[in-house]
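The values are calculated or read from the model by the stated rules, or taken from the named source; none is laboratory data. All values derive from a computational prediction rather than experimental measurement. Because the Cβ atoms are built from the backbone with ideal geometry, glycine has one as well, and the counts that use them run over all protein chains shown.
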Amino acid sequence: MSLLSSLNQALIDKLGPLGPLIAVGGFGLLLVLLVLPTMLKKQVDPLDKIKAQAASAAPKAASNQQTLRKADKTDKLQKFATFLEPQDAEELSSSRLNMMRAGYRSKNSVRAFHFAQFALGIGFLLIGVVYALFISTTGDIGTKTLVLSTIGPGAAGYYLPQYWIKRRTQERQGQITSGFPDALDMLLVCVEAGQSLDQSILRVSKEIRAGYPALAEEFEIVGQEVKAGKERVLVLKDMAERVGLTDVSSFVTVLVQSATFGTSIADALRVYAAEMRDKRVMRAEEKANTLPTKLTLGTMMFTVPPLMIILVGPSIYSVATTLGKG
């Protein structure tokens, strides 16, 4: 007991009143870091052993060809796939869709996203611990302040990638919404000039790349997938799912119905392009109508106080002067 008492007193003398708690927390964090590699170690699947044996029996030429290929940089995260990727198929599909809507189409984007969450959360948590230790040595702090300074940065680091993906998705969807009416007009011109729909989509993707790169990328994917032999209806539906906008979904529905019933694609595009132009004008008018409401608060904050000072200030000064003389 004397040894524990002396150790406790030494920690209090060096780290302050919370010295024993900080020591216990640091020891626990050290144990977690020591155990984490063992928990994340991927177990060898017997099926993988069979595949490895079959690969070793392949011709030497094939093995030499494999060694000449460049290794993917994200392969370092492969052994942590079970930890960094959702194991539920539906959840994994939803995560991939969110990443594609943000513009990240790599097959390892979900894994990289969860790795960024894990790394930033742990990194910011360590920064918070260091900051809490620093302020605890400079003076007495409350338990609430200590907890917030430690847990707050960790939570911020964990949710920072989610905020980034959300902002990227909003920016891409806004860019697609802004450029969609112009793209439809160009698509109508190309179709009426005699080009096929697939050729028109590729041509429009080249023309609008400078102004609307996100929409150009989506059109280019559609054109390349159709060139590769995929059915056009499925390609268009995939584009509508990737983008996640009502305007694009309605456009895909119009094209699918036109192809199903055999109507003219040019007539369908003409009607829908006119509707998209009207919707763009309505969105502009909506923003213009909400502008006075947004300016009301600023007008009250920066106009009313100076006006009150100018009108009431002299009266208050005269009253104060009169009372001072009296």
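In segment 87-109, what count of residues is obtained for those that are at pLDDT 85 or above, surrounded by 15 or more Cβ atoms within 10 Å (Cβ to Cβ) and not in a loop (DSSP other than H, G, I, E, B)?
Result for segment 87-109: 5.
What helices (runs of 4 or more DSSP H), lying completely within segment 220-326, carry at least 3 residues that are surrounded by fewer than 10 Cβ atoms within 10 Å (Cβ to Cβ)?
265-325
From the list Tyr158, Tyr163, exactly one residue is more than 30 Å from Asp267 (Cβ to Cβ), at pLDDT 90 or above and not assigned by TED's automatic domain parsing to the domain that holds Val248. Which is it?
Tyr163 is the lone residue from the list that is more than 30 Å from Asp267 (Cβ to Cβ), at pLDDT 90 or above and not assigned by TED's automatic domain parsing to the domain that holds Val248.
What number of residues in segment 138-150 are at pLDDT 75 or above and of a type in the set (Ser, Thr, Tyr)?
Adding up the residues that qualify gives 3.
With the structure loaded, tell me whether Leu146 is in contact (Cβ under 8 Å) with a residue 60 or more places away in the chain, in a helix (DSSP H, G or I), in contact with a Leu (Cβ under 6 Å, 6 or more places away or on another chain) and surrounded by 15 or more Cβ atoms within 10 Å (Cβ to Cβ) or whether it fails that test.
For Leu146, the condition - in contact (Cβ under 8 Å) with a residue 60 or more places away in the chain, in a helix (DSSP H, G or I), in contact with a Leu (Cβ under 6 Å, 6 or more places away or on another chain) and surrounded by 15 or more Cβ atoms within 10 Å (Cβ to Cβ) - is not met.
Would you mind stating whether Ala183 is in contact (Cβ under 8 Å) with a residue 60 or more places away in the chain, within 22 Å of Gly103 (Cβ to Cβ) and among the small types (Gly, Ala, Ser)?
no
Name the residues in segment 115-166 that are more than 24 Å from Met100 (Cβ to Cβ), touching a Gly at 6+ places or on another chain (Cβ under 8 Å) and among the hydroxyl-bearing types (Ser, Thr, Tyr), would you?
The answer is Ser136, Thr137, Ser149, Thr150.
Of (1) over 29 Å from the mean Cα position of the chain (by Cα); (2) buried (at least 19 other Cβ atoms within 10 Å of the Cβ); (3) under 12 Å from Ala183 (Cα atoms), Arg203 satisfies all except one. Which?
Condition (2) is where Arg203 drops out.
Residue by residue, here is whether (1) in the same structural domain as Met239 (by TED's automatic domain parsing); (2) among the small types (Gly, Ala, Ser) holds:
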| site | (1), (2) |
| --- | --- |
| Thr137 | no, no |
| Thr145 | no, no |
| Ala183 | yes, yes |
| Gln195 | yes, no |
| Ile208 | yes, no |
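For segment 102-155, enumerate the residues that are of a type in the set (D, E, K, R) and within 30 Å of Arg242 (Cβ to Cβ).
Of everything in segment 102-155, those that are of a type in the set (D, E, K, R) and within 30 Å of Arg242 (Cβ to Cβ) turn out to be Arg105, Lys107, Arg111.
Among (1) over 30 Å from Leu97 (Cβ atoms); (2) in a loop (DSSP other than H, G, I, E, B), there is one condition Gly211 misses while meeting the rest; what is its number?
(1)
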